Amino acid sequence: MDHARAPVLEALAEYHASGWIPFTPPGHKQGRGADPRVRAVLGEGVFASDVLAVSGLDDRTGGRGVLARAEELMADAVGAEHTFFATAGSSLSVKSAMLAVTGPHQQLVVGRDAHKSVVAGLVLAGIDPVWVEPNWDPARHLAHPPSAAAVADALRRAPEARGVLVSSPTPYGTCTELAVIARACHEHGVPLIVDEAWGAHLPFHPDLPVWAMDAGADVCVTSVHKMGSGLEQGSVFHLQGDRIDPKVLKSREDLLGTTSPSVLLYAALDGWRRQMVEHGKDLYDHALGLAARTRERIDRMDGLRVESREDFCGPGLAAELDPLQIVVDLTRLGISGYQAADWVREHHRLNLHLADHRRIAAQLTHADTAHTTDALTTALLELAGHAEEFRAPAPIEIPDPADLRLEQAMPPRDAYFGPVEDIPWQRAAGRVAAEMLTPYPPGIPAALPGERFNAPVLEYLHTGVAAGMYVPDAADPGLGTVRVVALP
């Protein structure tokens, strides 16, 4: 296929040149109706390219096939059989994939380190999860994706399960043994869905972890806005093999997606594919070299330790690590990741990818340069120099792995939509959660609807919020109360 072409971008350029006059949404009519103060901030080009996908970029039936050609090129670029563009992020794409495999009251094997969007899919569809425990590193208090052995065991325990969903890479960059998991799934006759939101770049360089399609996954969901050049919410999901009907997968996306997709998002996805096919190898040669040098510079700083493959990969841990996620342990500085992230934002106008009780992480991509990484290393060097001025971080009571795993007492949908009440967190042990409680980032629920609270997890969340943890989906963000299933 001719990857010099970009069908969406070409149609958009043609639209601009042809002088179309829309009597359709969007109501700003290519910016003419937008407040000049808004145009001054967003730019004229944003409004000029914010047009309808049909009865705009394409005819009223989509008969020119603009989007279809762009999706075919994307599939060809990464070696998938089918690709679908989505404009509500991988939160929508992963739900579409789940619903293409399972339905109400059916079982799906899911890694318990799943993103909150996966849990939302369980709630909306009434799917019964069969949880697989992640690989827990007790020394670093960090979860890595589930192992292939754990997935295979879950399939033996749940012979009626309709498929498997794992997340790899994690936001920390750690990956599981996808090829072995795919074989285990296929031996059981079920498809593998991979939430690869943090891995859109993986197909484009041999020194990056293996990507899901090459590993044999049936569906792979990627957030191009995370590690690629997509605009926020730009996502694609890829399909191969015959275990999932592409018409069913597209139908599920139609069920959940918007009827007014953003051409801006489509155009950025289209252009990113072309960029990666033409220049991806060179761009990631540069990015990987830059990441290696940046890791080395940070690791030489007093009090800072950059986590490496030797720390994260091995038996009982992760299988691979994306080196573009630079994870820095702050234990020797005696400060929390929350404190560090707030300090570098305030003093250096620098936003970090994530922060937890003892770590920060910086995400590098093909867009980074010596200028941006110099700013990062300067900020972290100064952070280390000022660490003695910080108050001692509030202690967080992190449970043992066995206590982190809550009992699934009832289906997530039943708990979420049933009668609920808000009670003080101190009285919630033994009660069934009716809400997600998700420290963010990275967005992995510590408790989800239908799980039975225990005291250690409640104490962890309460002390975490006191120390700076952010739990945006709680009914009470301060966690003075939690929402539980009402007693009969």
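Here are the numbers for this structure:
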{"item": "Top-ranked residue in the stretch 295-352 [being β-branched (Val, Ile, Thr) and not in a loop (DSSP other than H, G, I, E, B); ranked as farthest from Gln363 (Cα to Cα)]", "result": "Thr331"}
{"item": "Single residue of the stretch 330-359 satisfying the filter (touching a strand residue (DSSP E or B) at 6+ places or on another chain (Cβ under 9 Å) and surrounded by fewer than 19 Cβ atoms within 10 Å (Cβ to Cβ)) that is farthest from Pro171 (Cα to Cα)", "result": "Arg332"}
{"item": "Odd one out for Ile423, checked against (1) surrounded by fewer than 18 Cβ atoms within 10 Å (Cβ to Cβ); (2) closer than 19 Å to Thr331 by Cβ; (3) of a type in the set (Val, Ile, Thr)", "result": "(2)"}
{"item": "Among the candidates Gly271, Gly241, Gly289, residue that is surrounded by fewer than 18 Cβ atoms within 10 Å (Cβ to Cβ) and free of Cβ contacts under 8 Å to residues at least 60 places away in the same chain", "result": "Gly289"}
{"item": "Any helices (runs of 4 or more DSSP H) falling wholly within the stretch 22-84 and containing at least 2 residues that are under 31 Å from the mean Cα position of the chain (by Cα) and closer than 19 Å to His238 by Cβ", "result": "66-78"}
{"item": "Filtered residues of the stretch 388-416 (kept if crowded, with 19+ Cβ neighbours inside 10 Å and assigned to a helix (DSSP H, G or I))", "result": "Leu404, Pro412, Arg413, Ala415, Tyr416"}
{"item": "Of all residues making up the stretch 157-175, the number that are in contact with a helix residue (DSSP H, G or I) (Cβ under 7 Å, 6 or more places away or on another chain) and buried (at least 24 other Cβ atoms within 10 Å of the Cβ)", "result": "6"}
{"item": "Of all residues making up the stretch 204-218, the number that are buried (at least 24 other Cβ atoms within 10 Å of the Cβ), outside any loop (DSSP other than H, G, I, E, B) and more than 15 Å from the chain's Cα centre (by Cα)", "result": "1"}
{"item": "Hits in the stretch 444-466 (condition: of a type outside the set (Val, Ile, Thr) and surrounded by fewer than 18 Cβ atoms within 10 Å (Cβ to Cβ))", "result": "Ala455, Pro456, Ala466"}
{"item": "Qualifying positions in the stretch 474-488 - surrounded by fewer than 17 Cβ atoms within 10 Å (Cβ to Cβ) and either touching a helix residue (DSSP H, G or I) at 6+ places or on another chain (Cβ under 9 Å) or under 16 Å from Pro393 (Cα atoms) (or both)", "result": "Asp476, Pro477, Gly478, Gly480"}
{"item": "Close pairs from the stretch 16-38: first without any contact (Cβ under 8 Å) to a residue 24 or more places away in the chain, partner of a type in the set (Phe, Trp, Tyr), Cβ under 6 Å, at least 6 apart", "result": "His28/Phe47; Gln30/Phe47; Gly31/Phe47; Ala34/Phe47"}
{"item": "Any hit, the stretch 99-108, residues being outside any helix (DSSP H, G or I), aliphatic (A, V, I, L, M) and in the same structural domain as His201 (by TED's automatic domain parsing)", "result": "yes"}
{"item": "All positions within the stretch 293-310 that are more than 23 Å from Met227 (Cα to Cα), surrounded by 15 or more Cβ atoms within 10 Å (Cβ to Cβ) and touching a residue at least 60 places away in the same chain (Cβ under 8 Å)", "result": "Met301, Gly303, Leu304"}
{"item": "Residues that are over 17 Å from the mean Cα position of the chain (by Cα) and closer than 11 Å to Leu290 by Cα, drawn from the stretch 350-366", "result": "His366"}
{"item": "Residues being among the basic types (Lys, Arg) and within 26 Å of Phe84 (Cβ to Cβ) - total across the stretch 2-47", "result": "1"}
{"item": "Scan of the stretch 61-102 for residues that are out of contact with any helix residue (DSSP H, G or I) (no Cβ under 6 Å at 6 or more places or on another chain), among the hydroxyl-bearing types (Ser, Thr, Tyr) and crowded, with 19+ Cβ neighbours inside 10 Å, ordered by number", "result": "Ser90, Ser93, Thr102"}
{"item": "Selected residue (only one of Thr222, Thr259 is assigned by TED's automatic domain parsing to the domain that holds Ala200, among the polar types (S, T, N, Q) and closer than 15 Å to Phe84 by Cβ)", "result": "Thr222"}
{"item": "Failed item, numbered, when Gly430 is tested on (1) part of a loop (DSSP other than H, G, I, E, B); (2) at pLDDT below 95", "result": "(2)"}
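Conditions (1) within 20 Å of Ala143 (Cβ to Cβ); (2) hydrophobic (A, V, I, L, M, F, W, C); (3) in contact with a Phe, Trp or Tyr (Cβ under 8 Å, 6 or more places away or on another chain); (4) assigned by TED's automatic domain parsing to the domain that holds Tyr440, marked per residue:
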residue	(1), (2), (3), (4)
Gly337	yes, no, no, no
Ala340	no, yes, no, no
Glu346	no, no, no, no
Asn351	no, no, no, no
Thr365	no, no, no, no
Thr372	no, no, no, no
Thr378	no, no, no, no
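The values are calculated or read from the model by the stated rules, or taken from the named source; none is laboratory data. Here the structure is a predicted model, which means the values were calculated and not measured. Neighbour counts are summed over all protein chains in view; Cβ atoms, including those assigned to glycine, are modelled from backbone coordinates with ideal geometry.
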